[in-house]
């Protein structure tokens, strides 16, 4: 995804010593935590009804930058949490961005959520048998059988 972060971006945001120390200087662990943090952001986006962006070519609204902040926030929680530590207060902006996205309260500029695609949303399909996207009624037929 366009907003997934690299180890270099993570180290730039948090400091290379912090990342290396909390991940026991294991690049596989860092990569795994970044991938898991990205998956958490993907999940939060989908739950809020957003379609994750695919590209960073044009980001005039700053949506990708905001999502990268949320991804760093998810990884911050994972990095410090795996050691049973609380993240420093200076990193709260990243965690707050992720938490707002996760709770569905973060409005992402330039992106419109679909209420039907989010958690609790409903998208009805046609019951017509002639509509290519339609699905014939099943329960009406079953009622006649029993």
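Please rank 117, 112, 59, fewest neighbouring Cβ atoms within 10 Å first, as an exposure proxy.
112, 117, 59
Which distance in nm do the two modelled labels at residue 51 and residue 105 give, with both placed 7 Å along the Cα-to-Cβ direction?
The two pseudo-label positions are separated by 2.8 nm.
Between residue 112 and residue 82, what is the FRET efficiency for a Förster distance of 25 Å, r being their Cβ-Cβ separation, to the nearest 0.05?
Result of the calculation: an efficiency of 0.10.
Principal axis extents for the stretch 1-99, Cα atoms only, whole Å, descending order, please.
Computed over the Cα atoms, the extents are 34, 23, 21 Å.
Could you order the peptides 17-30, 83-96, 37-50, 66-79 from most to least packed, using the average number of other C-beta atoms within 10 Å per residue?
Averaged packing, sorted descending, gives the order 66-79, 37-50, 17-30, 83-96.
With each pseudo-label sitting 7 Å past Cα toward Cβ, what's the residue 93-residue 9 distance in nm, one decimal?
With each label placed 7 Å out from Cα toward Cβ, I get 1.7 nm.
Here, each number is a calculation from the coordinates, and none is a lab measurement. What you see is a predicted model, and the numbers here were worked out from it, not measured in a lab. Cβ: placed from backbone, ideal geometry, glycine included. Neighbour counts: every protein chain shown.
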